[in-house]
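Working notes, beginning with the structure itself.
Just so it is clear, none of the values below were taken in a lab; they were calculated from the coordinates. Every value quoted in this text rests on a predicted model; they were computed, and no experiment measured them. Every residue, glycine as well, gets a Cβ built from its backbone with ideal geometry; the counts of neighbours run over all protein chains shown.
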Amino acid sequence: MDLSPVAVARKIEHTMLDQSAPMDYIQEAAGTAIKYHARTCVVRPQHVGWIIGALKKSDVWPCAVIGFRRFHLKQTPHMTSSELYARFDIGIEEKEQEISGVLKILELEEYSGVIEFDLALNLLNFMRGQPKALEKEMKQLVHFCKQKAEATGRKIITKVIAENGLLEYPEKLQLWTWAKEARADYVKTCTGYTAKEATVEDVKLMKEFLGSSVKVKASGGVTQFNYREFLQAGADRIGTSKGMEILEDCLQREP
């Protein structure tokens, strides 16, 4: 496996999701992504307009997280299961509006390159015993993105978020199956806002199950200390706020 700085950089999705971060913090994250030639810079929809001017002059693609409105801070030990799952309870229509809003910003900024969307799903439907509603949501959101791609002539990459740590084994397999059927581009391990972070074991299982039809994004707890394990397990992308530290580690390992 090629773990050179250039190869690893093309797998890094440098992330800044602080909802209250000022413009200069968000733009600094974009600058870091550009400096190290990361694959994407991941921000909230309302922050895309702050970074697109710089990104469209670079080889870094924008990525917007969808359905994260209620994700403020990471899960705390005192948070109940009901409080945790309520964060995911956002309607399909709102998520489609977020996607359309981002695409409108890109149009106004005359950005014609690739856009990626990380799609949070309403996992509360598993708790409610309504898996079909979750399946419908995933497939509708991926289809919505594909329709927008056809209508605009823009390449749109979709990543559905499995939130593996909250799911039982049969639920994981069910969700990954729906991702294959929906023809999503990636399945992402987790949002990074729960106490359950990405695991190497899950990435190995995802690669084995998904094969070459859907790629894997490892996100949530991936740092300069463990990124090599995730890549060696088969992760195609790494979502992390530690992009700079990871790539500095790569550079230090160069002979």
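Tabulated data
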| read-out | value |
| --- | --- |
| For the stretch 113-122, 3J(HN,Hα) per residue [Karplus equation, 6.51 cos²θ - 1.76 cosθ + 1.60, θ = phi - 60°, Hz, x = Gly/Pro] | x, 6, 10, 10, 10, 9, 9, 6, 10, 7 |
| Taking the chain and dividing mean pair separation by its residue count, relative contact order in percent (alpha carbons under 8 Å, at least six apart) | 20 |
| Zone residues, the stretch 176-199, relative to Glu150, backbone N less than 18 Å from point 7 Å out along Cα-to-Cβ | 181-185 |
| In Hz, Karplus ³J(HN,Hα) per residue of the stretch 188-195 (6.51, -1.76, 1.60; θ = phi - 60°; x = Gly, Pro) | 9, 5, 6, 6, x, 10, 10, 6 |
| Euclidean distance between Cα centres, the stretch 114-143 to the stretch 1-79, Å | 22 |
| The stretch 57-154: relative contact order as a whole-number percent, Cα under 8 Å and 6+ apart | 37 |
| Candidates Ala33, Ala184, Ala86, ranked by Gaussian network fluctuation over the chain, Cα under 10 Å, top entry | Ala86 |
| Two-site FRET efficiency, Lys180 against Arg128, from Cβ-Cβ distance with R₀ of 30 Å, rounded to 0.05 | 0.80 |
| His14, His143 arranged by Cβ crowding within 10 Å, fewest neighbours leading | His143, His14 |
| For the chain, built as a Gaussian network whose Cα springs stay under 10 Å, the top-fluctuating residue of Cys41, Cys63, Cys145 | Cys145 |
| Backbone HN-Hα couplings from phi across the stretch 164-181 [Karplus 6.51/-1.76/1.60, Hz, Gly and Pro as x] | 3, x, 9, 10, 6, 3, x, 5, 4, 4, 5, 5, 5, 4, 4, 4, 5, 5 |
| Highest average packing first - 128-137, 215-224, Cβ atoms within 10 Å | 215-224, 128-137 |
